[in-house]
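The values are calculated or read from the model by the stated rules, or taken from the named source; none is laboratory data. What you are looking at is a predicted structure, and each value in this text was computed from that prediction instead of being measured. Backbone-built Cβ (ideal geometry, glycine too); neighbour counts: all protein chains shown.
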Amino acid sequence: MPPSPEQLAPSPHRPPPQNASPLAVCLTPCADYGHIKAALDHNLRRLGLDRCFASSRVLLKPNLVAARKPYDPACTDPRFVRAAAELVLDYGGRPLIGDSPAFASAQRVMGRCHMTDLLADLAIEIVEFEPGPIRLLPNGQRIRIARQAAECDLALNMPKVKAHSQLLVTLAVKNLFGFVVGIRKPWLHMRLGDSGLPRLLAALPALLPPLVTLCDGVTAMHRTGPIGGEPLALGLTAGSADPVATDTALLAALAIPLEQSPVWRACRDLGLRGSRLADIDFPCHHPADLRLPRFVVPNELAPVRFSPAGLVRGVRKRLAARRPHCRGTR
């Protein structure tokens, strides 16, 4: 059945959250997760973003790509997620949390990395993303985003700072791909390839609700990714209302030439303002003032492809991993 006119909507071109400086990025050192709540609160208050959460339905979106052990560095750290959830509640927001891993359920990944247990006493709803409205990309391509993303007042984007074997690094913009539901993601990898996928990622922020980004770089993952890399004690957090500016700032802080990032190049080619370092305001620390450990990226990038056979295997794994949706409060 073709989509209805209500489902097939153009890009809403969402404005940044009220009270936010659109191109401000707060870079704040944080040595360990014992101090993470204070660091995140500092970022949000310096940016004026703490006032955005009151009386809002807030969708927390961590990176839940996969987890093979507790506190797997491939995922946003559970302690980081808990601190962010506590702040949403402290600010008067109503949080829910979810993601759409390509080949597993969000609840299974959260359970394996110890996130479910760590959030158990908080009033936060855990959801599996469901198909929502279809949006139009600037090139006319259709893409379906998660229903929960379309219905929330504010999305809290919580990426992990980590290397990526196909896209060099995965930061704020790449984490938004989780708002595309389930098996659709590997299919888009297979269809779009090396040039098309970065352009899709660069177009995603305009299709989504108002965004606030908090990046987990306390323990980063480098050398390879999005899974199986080495943990790195980076000791950094980043906050912003603009995911493109966040990526630009973090690439500069990590001493990675901007041109090396396929996603950044796509953002620049679209003329997105956050892709210019000179346009970004740094109310906390400028990237040039930070002295971070060396973050190693892959020497060569693998093709952005999933084989058809691998896609079929992944779909079977995802269906086997599914559990009934949890709509209660945890």
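Points to keep in mind about this one:
- Only residues that are under 19 Å from residue 235 (Cβ atoms) and either among the basic types (Lys, Arg) or outside any helix (DSSP H, G or I) (or both) were counted across the range 246-282, and they come to 4.
- Unmet criterion (only one of (1) surrounded by fewer than 21 Cβ atoms within 10 Å (Cβ to Cβ); (2) within 14 Å of residue 163 (Cα to Cα)) for residue 235: (2)
- Criterion: crowded, with 19+ Cβ neighbours inside 10 Å, over 30 Å from residue 292 (Cα atoms) and among the aliphatic types (A, V, I, L, M) - qualifying residue of 123, 106, 67, 84: 106
- Considering the range 130-142, and only residues there that are outside any loop (DSSP other than H, G, I, E, B) and touching a helix residue (DSSP H, G or I) at 6+ places or on another chain (Cβ under 7 Å), the residue that is nearest to residue 205 (Cα to Cα) turns out to be 135.
- Only one of the numbered conditions (1) in a loop (DSSP other than H, G, I, E, B); (2) at pLDDT below 95; (3) surrounded by 14 or more Cβ atoms within 10 Å (Cβ to Cβ) is not met by residue 302, and that is (3).
- Residue check, residue 92 surrounded by fewer than 22 Cβ atoms within 10 Å (Cβ to Cβ), without any contact (Cβ under 8 Å) to a residue 60 or more places away in the chain and within 24 Å of residue 39 (Cα to Cα): yes
- Close pairs from the range 33-50: first farther than 17 Å from residue 158 by Cα, partner surrounded by fewer than 18 Cβ atoms within 10 Å (Cβ to Cβ) and among the β-branched types (Val, Ile, Thr), Cβ under 7 Å, at least 6 apart: none
- With a requirement of 1 or more residues that are hydroxyl-bearing (Ser, Thr, Tyr) and closer than 29 Å to residue 275 by Cα, the strands (runs of 3 or more DSSP E) lying completely within the range 13-129 that satisfy it span 25-29.
- So residue 297, is it within 22 Å of residue 158 (Cβ to Cβ), touching a Leu at 6+ places or on another chain (Cβ under 9 Å) and either modelled with pLDDT under 65 or assigned to a loop (DSSP other than H, G, I, E, B) (or both): yes
- Number of positions in the range 221-244 that are within 14 Å of residue 203 (Cα to Cα) and either in contact with a strand residue (DSSP E or B) (Cβ under 6 Å, 6 or more places away or on another chain) or free of Cβ contacts under 8 Å to residues at least 60 places away in the same chain (or both): 1
Matching residues to (1) in contact with a strand residue (DSSP E or B) (Cβ under 6 Å, 6 or more places away or on another chain); (2) modelled with pLDDT of 95 or more; (3) not basic (Lys, Arg):
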residue	(1), (2), (3)
144	yes, no, no
154	yes, yes, yes
161	yes, yes, yes
166	no, no, yes
173	no, yes, yes
188	no, no, yes
196	no, no, yes
212	yes, yes, yes
219	yes, yes, yes
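- Output for the range 35-64, where each listed residue is of a type in the set (Ser, Thr, Tyr) and either at negative phi or surrounded by 17 or more Cβ atoms within 10 Å (Cβ to Cβ) (or both): 56
- Residue match in the range 8-30 (condition: out of contact with any His (no Cβ under 8 Å at 6 or more places or on another chain), surrounded by fewer than 17 Cβ atoms within 10 Å (Cβ to Cβ) and either at pLDDT 95 or above or β-branched (Val, Ile, Thr) (or both)): no
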